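Here the structure is laid out as structure tokens; the discussion comes afterwards.
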Amino acid sequence: MAKSAATTLELQWTGDPESDRLISANPAALLIGFCLDQQIPIEWAFQGPLHMRERLGTIDPVEVARMDPSKVEKAFQTPPALHRFPVSMAQRVYALCKVITDEYGGDTTRIWTEATDAKDLLRRFAALPGFGAAKARVMVGVVAKHLGVRPAGWESVAPDWPTLADVTTVAEREQYQAQKRAFKAALRAEVASKQAPQKSRASSKGSAKSGARGRH
């Protein structure tokens, strides 16, 4: 069984002290933030749990799971919306709370404290709504580096690229975001460079066909 070291989180991921305190102190808030961390800025994603609590009165997984799903959706849709895709993300967060309630008795920490090894921990995270293979690996890094939960083999499962597992302070967050932007820019440039010859060949073929038609 993986055990957690006595670790007090002081994450500075949002630029808002109250939001940072919530995701640092409340494991459910931390997971909800990661669930929302898709196609929106980090700050926006991890402010989501606080705004969700303000609108619903709670982010306790058991209490949220007992709600009418439409109530959660409305909370996400109320301007300003909690996400670019408020309905689908409300559904994912609701489903996440259901899993925490039904499979872990409402105790979010059991996801990592009861994992038998790194592969089991990875499987548990990957099975959560709104998570996937890559995000599951990030979560292994997060609980290992921030919470001291280090089951056997965690180093081989955790990401070997910069993630929020390596971020605590504002300066680290800004550095991470700069690296992320540079990485995405490099990917776009690589895709563009691969597409350029294809477009050139397509253009040449089009010109050749046009010329052939003209000769007829």
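The values are calculated or read from the model by the stated rules, or taken from the named source; none is laboratory data. Note that the coordinates shown come from a computational prediction; the quantities given were computed from them, not determined experimentally. Cβ atoms come from the backbone with ideal geometry, glycine included; neighbour counts cover every protein chain shown.
General observations
- Qualifying residue in region 26-44 (condition: within 30 Å of A115 (Cα to Cα) and more than 15 Å from the chain's Cα centre (by Cα)): yes
- A residue that is among the aromatic types (F, W, Y), at negative phi and assigned to a helix (DSSP H, G or I) occurs nowhere in region 129-151.
- R92 vs. criteria among the basic types (K, R), under 19 Å from I40 (Cβ atoms) and in contact with a helix residue (DSSP H, G or I) (Cβ under 8 Å, 6 or more places away or on another chain): yes
- Condition check for D120: more than 20 Å from L36 (Cβ to Cβ), part of a helix (DSSP H, G or I) and more than 11 Å from the chain's Cα centre (by Cα): yes
- Within region 64-80, being among the hydrophobic types (A, V, I, L, M, F, W, C) and part of a loop (DSSP other than H, G, I, E, B) holds for one residue alone: M67.
- Residues of region 29-63 that turn out to be among the β-branched types (V, I, T) and not in a helix (DSSP H, G or I), as a count: 3
- Test: residue in region 17-28 that is modelled with pLDDT of 95 or more and assigned to a loop (DSSP other than H, G, I, E, B): yes
- Considering the conditions (1) surrounded by 15 or more Cβ atoms within 10 Å (Cβ to Cβ); (2) outside any loop (DSSP other than H, G, I, E, B); (3) of a type in the set (S, T, N, Q), S88 is excluded by exactly one of them, (1).
- With respect to the conditions (1) without any contact (Cβ under 8 Å) to a residue 60 or more places away in the chain; (2) under 22 Å from P41 (Cα atoms); (3) assigned to a loop (DSSP other than H, G, I, E, B), F125 lacks only one, and its number is (3).
- Of everything in region 151-196 that is touching an Asp or Glu at 6+ places or on another chain (Cβ under 9 Å) and of a type in the set (F, W, Y), the residue that is surrounded by the fewest Cβ atoms within 10 Å (Cβ to Cβ) is Y176.
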